[in-house]
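Below is one structure, written out as structure tokens, with a few remarks after it.
The values are calculated or read from the model by the stated rules, or taken from the named source; none is laboratory data. Source: prediction; values computed, not measured. Cβ atoms come from the backbone with ideal geometry, glycine included; neighbour counts cover every protein chain shown.
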Amino acid sequence: MRVLVIEDKNFEISRAMNAAQAAGVSVIVMTPESHGMTFEVVSDESGVMDSGSSVSHWLDVIEQVDAVVTDLFWKFRGNGEKPSGLLVALHAAATGKPVCVCTAGGDYKDGHHGSELSFVFDGYIKHEACANLEQKKKFFWNKGKDWEAAFAAVKSAVRKS
């Protein structure tokens with residue numbers, strides 16, 4: 001199983017790669033470059049891409065993987081950190097790929113992103129009207145930056161599909 005991981009912090013990239021290895025999944029790890037328009041391939045254990053190469057967009061890679069795990073906040077188009085991972089999650093969900101947003105943010109009452117996440121957490125994650133949506137069974141929210149749990153969630157969803 002191949003998983004696309006998008007993360008901008010080196011420490012978290014290392015943690016993600018260790019968790020992927022423990023989970024038995026191969027990963028393509030991409031990190032947004034300084035202006036957030038191209039992405040460097042940090043690691044590709046699946047053999048699809050060369051490490052150190054630049055990719056114009058994560059959209060080009062989603063079609064080549066089985067699932068996606070993305071950080072929530074990273075710089076996009078040079079405008080400072082935004083919840084750019086929502087764009088990744090939206091496209092992954094639209095293509096039917098299991099996706100986990102792996103963030104240290106939590107909900108609006110805890111986490112370092114605070115109220116910036118309340119619209120996601122209250123408006124979708126916790127909302128009862130969305131509880132039984134079929135597509136939501138492939139969408140996961142990991143608020144503790146727990147890479148092991150993130151890989152377990154998408155791995156389980158891939159097996160069920």
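Residue count for the range 91-104, restricted to those that are over 9 Å from the mean Cα position of the chain (by Cα) and under 18 Å from Gln64 (Cβ atoms): 8. Inside the range 140-157, residues that are surrounded by fewer than 22 Cβ atoms within 10 Å (Cβ to Cβ) and under 17 Å from Ile62 (Cα atoms) make up a count of 2. Take Ser53 and tell me if it is modelled with pLDDT under 60, under 22 Å from Asn10 (Cβ atoms) and of a type in the set (Ser, Thr, Tyr). It is true that Ser53 is modelled with pLDDT under 60, under 22 Å from Asn10 (Cβ atoms) and of a type in the set (Ser, Thr, Tyr). Among residues of the range 81-95 that are without any contact (Cβ under 8 Å) to a residue 60 or more places away in the chain and within 16 Å of Met30 (Cα to Cα), those with a beta-carbon under 7 Å from a residue that is crowded, with 22+ Cβ neighbours inside 10 Å and of a type in the set (S, T, N, Q) at least six positions away or on a different chain give the pairs Ala89/Thr70.
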